[in-house]
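Working notes, structure below.
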C-alpha cells in the first residue's frame with residue numbers, strides 16, 4: 001500500500017498493492033500497522049457503513065461536531081464516485097478548501113478524511129456501493145452539513161444540478177458562511 005498526503009493536511013489517498021492472476025485478485029484494504037507507518041496516524045475504527053446508490057445521487061456534505069466528530073476511511077466496492085472533502089478546521093492553513101478524487105472499484109483507491117472535515121460524494125455510475133470506516137460512532141444530535149453547491153466552495157461535481165438527486169435533508173443544508181456564523 002502507498003499513502004500520499006493531499007494538499008489538505010492529514011487527508012491521504014491510499015492505493016493498495018493488488019495481486020492479480022488468472023483466478024482474480026487479492027489486496028489488503030486496511031492494516032492498522034501499515035496505515036500508522038504510512039500516515040503517522042494511530043487509528044481505531046469502530047463503525048463500518050455502506051451505501052448503494054444510482055448515478056446522480058449526491059450524499060453530503062456531512063460531518064459531526066464535538067465529541068462525536070469522525071475521521072473516515074472511504075472506498076468504492078462497486079461502481080465509481082467523485083468523493084469530496086472540505087477542511088473545516090478554523091486553525092488550518094487550508095480552512096474552507098476542498099479536495100476531490102474519483103474513487104472506483106477499478107482504481108481501488110481510498111481516501112482518509114480526518115476529523116474536522118465535511119465529506120460527500122456524487123455517484124457517477126448506477127448500482128455503486130460505497131463503504132466507509134469511522135473512528136467514532138454516529139450521533140444524530142451532532143450531525144451537521146453544508147450545501148453541496150455552496151458558491152464559496154466552488155466544487156465541480158461533474159454533473160449538472162438537474163442530474164443530481166438529493167435527500168430532503170440535504171436540500172435544506174445551510175451554506176458554509178451561514179453555518180460558521
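Read the figures in this text as sums done on the coordinates, not as results from a lab. As the structure is a prediction and not an experimental result, all values here were calculated from the model. Cβ coordinates were reconstructed from backbone atoms using ideal geometry, including for glycine residues, and neighbour counts include every protein chain displayed.
Remark: region 84-181 projects, on average over all directions, an area of 7.5 nm² (convex hull of Cα atoms).
Most exposed first by the Cβ proxy, i.e. fewest other Cβ within 10 Å, how do 146, 101, 65 rank?
Values: 146 25, 101 19, 65 15.
Ranked by crowding around the Cβ, least crowded first: 65, 101, 146.
Restricting the calculation to Cα atoms, region 137-181 shows an Rg/Rh of 1.00 when the hydrodynamic-style radius is the Kirkwood one. Given in Å, the Rg to one decimal and the Dmax to the nearest whole number for the Cα atoms of region 1-143 are 14.9, 50.
Could you sort 41-48, 93-100 so that the peptide with the highest average Cβ count within 10 Å comes first and the rest follow in order? Walk me through the numbers on the way to the answer.
Working: 41-48: 12.4, 93-100: 15.8.
Most protected by this proxy first, the peptides run 93-100, 41-48.
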